[in-house]
Amino acid sequence: TSTKAVENRTPPNESDDLPRGAVEELAALRVIVEGTAHSTGAEFFQTLVRHLAQAVGVHYAFVAEFASPKTSTRARTIAFWTRDGIAENFEWMLAGTPCEDVVRGKLCHHPSGVRQDFPEDKLLLKWGIESYLGVPLRDPEGKILGHLAVCDDRPMPAEPRKLLIFRIFAARAAA
């Protein structure tokens, strides 16, 4: 009977010994790797922003570059995810937007009230954006190439796990 009891036991789940937060982080990392490992070019960035939005739990995510190598006043999306899927890329002036701080080299997080903080940003108003998180994308020499950002129509409190996941996605995008 003891042999049958051993045979009928299910093998332990690999996450049984890990705290819930660690299990969530591992799942998010798996999504990052699996979601971006086999794609390149535009498909890579579209996959990246889709998986980023899912991993961080937001409705909007985008990766952007400077619209021209000669100026850092305009940006254009390389890939843009909305709650409905991949959307058409667009260009915008950085002045008066939270993205302006990001392309100056700072991580920029507005957990709530971003529309009030940037009243001239028409897209924030149009989409009803409440929160924003953006990080610059740098080349190996540290030069800013563009930025990765997520935003939502709900508040986005600072959570270390989400910040870590966001930074990992940014590293993948910059690479």
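The values are calculated or read from the model by the stated rules, or taken from the named source; none is laboratory data. This is a predicted model, so every value here is computed, not measured. Counting neighbours? That spans all protein chains shown, and the Cβs are built from the backbone with ideal geometry, glycine included. SASA here: full protein model, heavy atoms, side chains in, ligands and nucleic acids out. Shrake-Rupley method; radii C 1.70, N 1.55, O 1.52, S 1.80 Å.
Computed from phi, the 3J(HN,Hα) profile of the stretch 151-166 under the Karplus parametrisation 6.51, -1.76, 1.60 (θ = phi - 60°) reads 8, 8, 8, 10, x, 10, x, 5, 10, x, 5, 5, 5, 4, 4, 4 Hz, with x in place of Gly and Pro.
To the nearest 10 square angstrom, what accessible area does Glu100 show with a 1.4 Å probe? The accessible area of Glu100 comes to roughly 50 Å². Pairs spanning more than 19 Å between alpha-carbon atoms, out of Lys70/Lys143; Lys106/Lys162; Lys70/Lys106: Lys70/Lys106.
Note on Thr73 and Arg138: the extension gain reaches 21.7 nm, defined as 0.36 nm multiplied by sequence separation minus the Cα-Cα distance. In the context of the full protein assembly, Glu65 retains an accessible surface of approximately 60 Å², using a probe radius of 1.4 Å and ignoring ligands and nucleic acids.
Taking amide H as placed 1.01 Å from N in the peptide plane, the amide H of Ala67 sits under 5 Å from that of Arg74, Ala75, Arg76, each at least 5 places away or on another chain. Averaged over residues, the count of other Cβ atoms within 10 Å places the peptides 138-151, 116-129 in the sequence 138-151, 116-129, highest first.
Considered as an equivalent ellipsoid built on the Cα gyration tensor, the stretch 43-83 has semi-axes of 23, 10, 7 Å, the largest given first.
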